[in-house]
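Written below as structure tokens is the structure these notes are about.
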Amino acid sequence: MAVIVALGAFLMTLAGGWAAQRVTDRRHLVLGLAGGLMLGVVGLDLLPEALHAAGDEVFGVPLALLLFVAGFLVAHVVERLLAVRQAAHGAEDGARVPQVGLTAAAAMVGHSLADGVALGAAFQVGGGMGVAVALAVITHDFADGFNTYTLTSLYGNDRRKALMMLFADAVAPVVGAASTLLFTLPEEPLGAYLGFFGGVLLYLASAEILPEAHHKHPALSTLMCTVGGVAGIWLVVGIAD
């Protein structure tokens with residue numbers, strides 16, 4: 001049952017990527033929406049799950065929050081190092097680094113893989129829990145597909161690479177759900193990963209996606225797309241609970 005439901009997540013992810021491709025003439029609105037979706041996923045979905053699962057504290061601070069900050073810093077350091085390396089090879093100052101987009105998209109794939117594992121584990125607990133998690137996974141995988149395609153293309157990667165990462169993100173929940181037929185991932189490592197990944201996503205949303213959205217088109221419509229993205233994730237989380 002978990003694998004069958006994950007096929008729905010596969011289709012929803014592809015639908016999100018398709019939507020991101022179709023609105024290229026409104027790129028600022030796409031980026032504004034993507035930033036809002038990412039902010040909502042981090043603050044309303046990933047962090048609460050990470051805090052619940054990771055549990056332990058390290059020197060008075062929950063492990064999930066430490067890893068959240070670590071993820072933010074790692075994303076910042078990696079981007080700066082890649083930018084310095086690219087500048088040393090003659091690239092223009094301020095040029096975007098394609099590897100950052102691919103790395104961010106790979107992180108989205110890892111998140112979708114974790115979604116599939118969570119889906120399979122929920123069905124192991126019981127049918128009711130499985131249905132609740134399935135609703136959350138399928139509905140927010142549209143945002144995952146949307147963000148994966150947007151992140152990959154934003155950093156200058158060609159359409160073929162963006163589609164490749166989108167397909168990998170779509171397959172990941174199916175692979176994750178199928179893996180639970182063989183083993184069960186412990187809750188604490190999963191929570192730690194979600195905390196770290198949340199920090200990476202927050203950095204990308206706040207330092208890259210949203211500034212780019214408002215750089216050439218500081219319009220109220222862009223701002224409303226961002227707010228709408230956050231509200232949409234809140235609605236998804238509320239329905240799932």
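Below are the figures for this structure:
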{"item": "Projected label distance in nm at residue 59 and residue 77, using a 7 Å step from Cα toward the beta-carbon", "result": "1.5"}
{"item": "Shape category assigned to the range 161-229 from the gyration tensor of Cα positions, a/c cut at 1.5", "result": "prolate"}
{"item": "Protein-only accessible surface order, largest first, of 138, 233 at 1.4 Å", "result": "138, 233"}
{"item": "Charge dipole magnitude, Cβ of K and R +1, D and E -1 - the range 1-72, Cα centre, debye nearest 20", "result": "460"}
{"item": "Label-point gap, in nm, between residue 70 and residue 15 - each point 7 angstrom along Cα→Cβ", "result": "3.7"}
{"item": "Global form of the range 40-79, assessed from the alpha-carbon gyration tensor, a/c cut-off 1.5", "result": "oblate"}
{"item": "Under 9 Å, Cβ to Cβ, from residue 112 - net charge with Lys/Arg +1 and Asp/Glu -1", "result": "-4"}
{"item": "Exposure ranking of 180, 103 by accessible area [1.4 Å probe, largest first]", "result": "103, 180"}
{"item": "Surface accessible to a 1.4 Å probe, per residue, for the residues of the range 23-72, Å²", "result": "48"}
{"item": "Proximal charge balance of residue 167 [Cβ under 15 Å; K/R count +1, D/E count -1]", "result": "-1"}
{"item": "Selected from 66, 36, 52, residue furthest toward positive end of dipole (the range 19-67; charges at beta carbon)", "result": "36"}
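The values are calculated or read from the model by the stated rules, or taken from the named source; none is laboratory data. All of these numbers come straight from a predicted model, not from anything done at the bench. Cβ coordinates were reconstructed from backbone atoms using ideal geometry, including for glycine residues, and neighbour counts include every protein chain displayed. All accessible areas refer to the heavy atoms of the entire protein, side chains included, with ligands and DNA or RNA removed. Shrake-Rupley method; radii C 1.70, N 1.55, O 1.52, S 1.80 Å.
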